[in-house]
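Data first, discussion second: the structure below is written as structure tokens.
Here, each number is a calculation from the coordinates, and none is a lab measurement. Note that the coordinates shown come from a computational prediction; the quantities given were computed from them, not determined experimentally. Cβ placement follows ideal geometry from the backbone for every residue including glycine, while neighbour counts extend to all protein chains displayed.
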Amino acid sequence: MTARRPLVAGNWKMNGLSTSAAELERMIDAAGPVASAGVELMIFPPATLIARLAARAAGTPISIGGQDCHARPSGAHTGDIAAEMLADAGAHAVILGHSERRTDHGETDAVVRAKAEAAHRAGLVRVVCVGETLAERAAGRAVAVVARQLEGSVPDGATGYDLVIAYEPVWAIGTGHVPTAADILEMHAAMRALLRQRFGGEADAIRLLYGGSVKPDNARTLLTLTDVDGALVGGASLKAADFLAIAAAYV
């Protein structure tokens, strides 16, 4: 089996002003032990901060990414950002298909797939998000929903180098509620099996992150589960101390 490098990624969502650069400075200053343990760190700030933070993070253990991109490289799409623009600003990766994008902006699996293809075109690592609602889990459809999202959202030819999957049960994001270890193990095993069916041995190189109310006090329990290769962290990534405490689960 291919060894997968742990990845802890922080999604700042619609949070952060120029003063937030100070938190990145704190992360850089304190990231040594985590980086020495082989953990990869990414921060996904709002688009207004990408260029500034990417310039500061260059040469450090932390890379910077975008939270979304358009499927087209340019054109009459007011307010949108092309994957090429993210790369030009210094981004290394991009989050695609987050439940908040799927819900707030009506993004379908097909839309997410087109964006993932665009990100590949621009040389960005794709962090594709999947996850079920509480109603879907209650109906016993959690695995089926995630399987559909994986099939529809992930482009052909994906590799462990350019694709990360983040499983975020919608009902756990920002709520403080976390699935049981058994639930997470079941979902990550199902995702790995689905990826193997589609990509063969390459699936063993694709990292599967867990996201949804990950905090310093539950990180070690969650991140050491089989087939959990890291975390996509929301609110706890806004503070350097909390973010690095989560990553320290691997130290």
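The number of residues in the stretch 62-92 being out of contact with any strand residue (DSSP E or B) (no Cβ under 7 Å at 6 or more places or on another chain) and either surrounded by fewer than 17 Cβ atoms within 10 Å (Cβ to Cβ) or part of a strand (DSSP E or B) (or both) comes to 5. Step by step: first the residues of the stretch 209-251, then only those that are over 14 Å from the mean Cα position of the chain (by Cα) and acidic (D, E), then the one that is farthest from H98 (Cα to Cα). Which residue is that? If we take residues in the stretch 209-251 being over 14 Å from the mean Cα position of the chain (by Cα) and acidic (D, E), then D217 is farthest from H98 (Cα to Cα).
Candidates E40, E23: the one that is over 18 Å from V127 (Cβ atoms) and of a type outside the set (G, A, S) is E23.
Does the stretch 234-242 include one or more residues that are surrounded by 14 or more Cβ atoms within 10 Å (Cβ to Cβ), part of a loop (DSSP other than H, G, I, E, B) and either touching a helix residue (DSSP H, G or I) at 6+ places or on another chain (Cβ under 9 Å) or not hydrophobic (A, V, I, L, M, F, W, C) (or both)? Taking every residue of the stretch 234-242 in turn, at least one turns out to be surrounded by 14 or more Cβ atoms within 10 Å (Cβ to Cβ), part of a loop (DSSP other than H, G, I, E, B) and either touching a helix residue (DSSP H, G or I) at 6+ places or on another chain (Cβ under 9 Å) or not hydrophobic (A, V, I, L, M, F, W, C) (or both). Taking only pairs six or more apart or across chains, which ones have beta-carbon atoms under 6 Å, a first residue in the stretch 18-45 that is under 20 Å from L209 (Cα atoms) and touching a residue at least 40 places away in the same chain (Cβ under 8 Å), and a second residue that is surrounded by 15 or more Cβ atoms within 10 Å (Cβ to Cβ) and aromatic (F, W, Y)? Sorted first by the residue in the stretch 18-45, then by its partner, the pairs are A37/Y250; V39/Y250.
Just one of the listed residues (G16, G59) is at positive phi, part of a loop (DSSP other than H, G, I, E, B), over 20 Å from the mean Cα position of the chain (by Cα) and not charged (D, E, K, R), and it is G59.
Please go through the stretch 197-240 and pick out each residue that is among the hydrophobic types (A, V, I, L, M, F, W, C) and in contact with a Pro (Cβ under 8 Å, 6 or more places away or on another chain). Scanning the stretch 197-240 gives L223, A236. Among the residues making up the stretch 147-169, a single one is surrounded by fewer than 22 Cβ atoms within 10 Å (Cβ to Cβ) and of a type in the set (V, I, T): T159. For the stretch 201-232, the set of residues classified as among the polar types (S, T, N, Q) and either closer than 17 Å to V127 by Cβ or not in a loop (DSSP other than H, G, I, E, B) (or both) consists of T221 only.
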